[in-house]
Amino acid sequence: MIPYDCFHLPASCSVNKTIFKKLFYENGDLSPADKALFTEKVNKITWLYCLKPATINVQPYKDEVREYLEIEFLEVVLFADTKIKRIAEIVMRTIPYPMVLLFRLDDKVQLWMAHQKISQNDKNKNTLEDFIYTDWLNLDDSLFDRLDIKKMRFTNYFTLYSDLVDVISIYHAECMTGAVADLSGEQARQLVSELAVLEQRLSNHRTSLKKETQFNRKMELHIKIKQLDVAKNKLLQGGQP
């Protein structure tokens, strides 16, 4: 738990209790494949911290689409780097609170977060927005220096969670561009999203090019790939979506 000191959370927020897989088997509406995923790939889940009015002086937030009564910090220790997105989705849906999810594999860590909305079909369930996450990080990675909770807004749990999401979003954009990005959290997310779309289109065209036999079609694909490469490099160099 060495890197988690970076959050500088008060001792009153500490929980440090094991969450047994049985909770997800019984409440997560898991398919046989999901249960096998948890059994084979998840070693241990620990409830690290709980931020709520009784543990930290931050107010709950509620409007017609969101209800942020508290924020949970969970660690998931893995046996293998497999289907992490699906595991994150199961954990966040089963425990319907805004969450900082820390995946641990040996001596590396990934952070996963996602804003949530109240499901319009079932008020007891949540709808996850896009995941915000990092690659595998060493314990001395510079991101951990930015996660000091004291640097975030304490207006309410929504603004606090949003600030953490922004920190990770900006860091992700910087990793992709290779430079310090003077971006807001929203701009960083847009940049990452647009780069992901370009990368997918490039991958599709390159796959098609390998299979193509007609000369004219090959030339068309070469041109499209070149245009996409130019657009990608422009985004990377400019750092603006």
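Computed from the coordinates by the stated procedures, all read-outs in this text should not be read as laboratory data. This one's a predicted model, so the numbers in the text were calculated from it and none came from an experiment. FYI the Cβ positions are ideal-geometry reconstructions off the backbone, even for glycines, and counts take in every protein chain you see.
Structure values in brief
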{"quantity": "Residue count for region 110-128, restricted to those that are assigned to a strand (DSSP E or B), within 15 Å of the chain's Cα centre (by Cα), farther than 19 Å from Cys13 by Cβ and aliphatic (A, V, I, L, M)", "calculated": "1"}
{"quantity": "Residue match in region 134-144 (condition: under 25 Å from Tyr61 (Cβ atoms), in contact (Cβ under 8 Å) with a residue 60 or more places away in the chain and crowded, with 18+ Cβ neighbours inside 10 Å)", "calculated": "no"}
{"quantity": "Complete set of residues in region 98-125 that are closer than 21 Å to Trp47 by Cα and of a type in the set (Asp, Glu)", "calculated": "Asp106, Asp107"}
{"quantity": "Residues that are among the aliphatic types (A, V, I, L, M), outside any helix (DSSP H, G or I) and under 21 Å from Pro10 (Cβ atoms), drawn from region 129-165", "calculated": "Leu147, Met152"}
{"quantity": "Tally of residues being over 22 Å from Thr159 (Cα atoms), assigned to a loop (DSSP other than H, G, I, E, B) and touching a residue at least 40 places away in the same chain (Cβ under 8 Å) across region 81-109", "calculated": "3"}
{"quantity": "Answer from Tyr171, Tyr161 - the residue that is closer than 15 Å to Tyr97 by Cα and crowded, with 18+ Cβ neighbours inside 10 Å", "calculated": "Tyr161"}
{"quantity": "Selection from region 5-22 of residues that are among the hydrophobic types (A, V, I, L, M, F, W, C) and in contact (Cβ under 8 Å) with a residue 40 or more places away in the chain", "calculated": "Cys6, Phe7, Leu9, Cys13, Ile19"}
